[in-house]
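A short write-up of the structure that comes next.
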Amino acid sequence: MTERKSHPGRRLALGAGIALIPAVLFGLGGGPAPSSAAGAAGAASATPAIASKVVIEPAALKGRQGDVVALALALPAPDAAAAGGQAVPVGRLGDHEVPFFRLDDAGRFGALVGIDLDAPTGKQTLIVTLGDRTVAKVPVLIQAQHFPTQTLTVPDEMVHLDDETLARVKQEQQQALTAMAPVTPSRWWSGSFVVPTDGPQMGSFGKRRIINGEPRNPHSGEDFSAPEGSQVVAANDGVVCLVSDHFFSGHSIFIDHGDGLYTMYFHLSKVSVEPSQHVHKGQVIGLVGSSGRATGPHLHWGARLNGARINPLELTRLAFQ
């Protein structure tokens, strides 16, 4: 099996040398934000270790539906000292929580913001709090992503499920959502994620299907065309939170990477891991198959970030340190 590669596209490293620039800033005592001139002066003198105001890089976020955006935050020295204990900033974008993780012991934190594939476009605000105080408001511009549409005509019995099967599908959907609901306060992943199998990517993320004239849910993962029995590896370190055999997704593995980030692997012919097992990036976890509702052997690779359905390939285009 060939060595797994991360995607060579755009990269944003959350490393020790990152330059921080001001977002919408709040004073230590909860007073008004500084003027633009004062903010610029603060930005020129701020460093990750001795910031005088909360600083965030980038100052404003922009992404398309299904994207992942990374940002870094530096707390002022008094707050950084307080954060040396248990205090960690928490963000919220719409209905989605955005947990931050430590980059160092000097009050610097990072976060990943996931934009759901069906997120409404337009301007939103990421609210960042520390304890009971708002410490930053970050503008977020969500742009439309063009997803392909596929129109199919199939026998009616392939579309409408009988009552027993429908009840099974609903129970399995709830099982998966429950497994991915916790925001585990640990970050197990490190470095860029890797694609989980060899084979061509089919460009299926976000595809809208209209079957017999009825719109269906968009495809929430990327499919890889690969021969039956091809190895499937964990995209990054994490803990297996669910192993299942579902009607649609077949033999499936769900991995919790921490801080609300999950990846999933569907239609497997063999599963080689167990629930609660720690896995490492590149470790073989199963084999490609066609279990569940599949027309042939392939791997469906999906990802959720704090509830947002994101393109898993986005995780291979960002560099984490």
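Okay, here's what the table says:
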item: Estimated inter-spin distance, Asp105 and Ala144, nm [label 7 Å along Cα→Cβ]; result: 5.1 nm
item: Protection proxy ranking, peptides 192-203, 130-141, average beta carbon neighbours within 10 Å, highest first; result: 192-203, 130-141
item: Amide proton proximity set for Ala136, modelled H, under 5 Å, gap of 5+; result: Val128
item: Amide H within-cut-off set for Asp259, under 5 Å, with H built and near neighbours excluded; result: Thr184, Ser186
item: Segment 278-319-segment 119-195 distance, computed between alpha-carbon centres (Å); result: 14 Å
item: In order through segment 167-180: 3J(HN,Hα) via Karplus (6.51 cos²θ - 1.76 cosθ + 1.60), integer Hz, x for Gly, Pro; result: 5, 4, 4, 5, 5, 5, 4, 5, 4, 5, 5, 5, 5, 9
item: Highest-first arrangement of 278-290, 174-186, where packing means the average Cβ count within 10 Å; result: 278-290, 174-186
item: Karplus 3J(HN,Hα) series, Hz, for segment 299-308 with 6.51 cos²θ - 1.76 cosθ + 1.60 (x for Gly, Pro); result: 10, 9, 10, x, 8, 10, 10, 6, x, 7
item: FRET efficiency estimate (nearest 0.05) - Cβ-Cβ, Ala294 to Val183, R0 35 angstrom; result: 0.65
item: Amide H within-cut-off set for Phe248, under 5 Å, with H built and near neighbours excluded; result: Arg293
item: Members of Lys62/Lys170; Lys137/Lys281; Lys137/Lys207; Lys62/Lys207; Lys207/Lys270; Lys53/Lys281 lying beyond 29 Å, as alpha-carbon distances in this model show; result: Lys62/Lys170; Lys137/Lys281; Lys137/Lys207; Lys53/Lys281
item: Sorted largest first, extent of segment 149-316 alpha carbons per principal axis (Å); result: 45, 31, 26
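Throughout, read-outs are computed from the coordinates displayed, never taken from laboratory work. Being a predicted model, the structure only gives us computed values, none of them experimental. Neighbour counts are summed over all protein chains in view; Cβ atoms, including those assigned to glycine, are modelled from backbone coordinates with ideal geometry.
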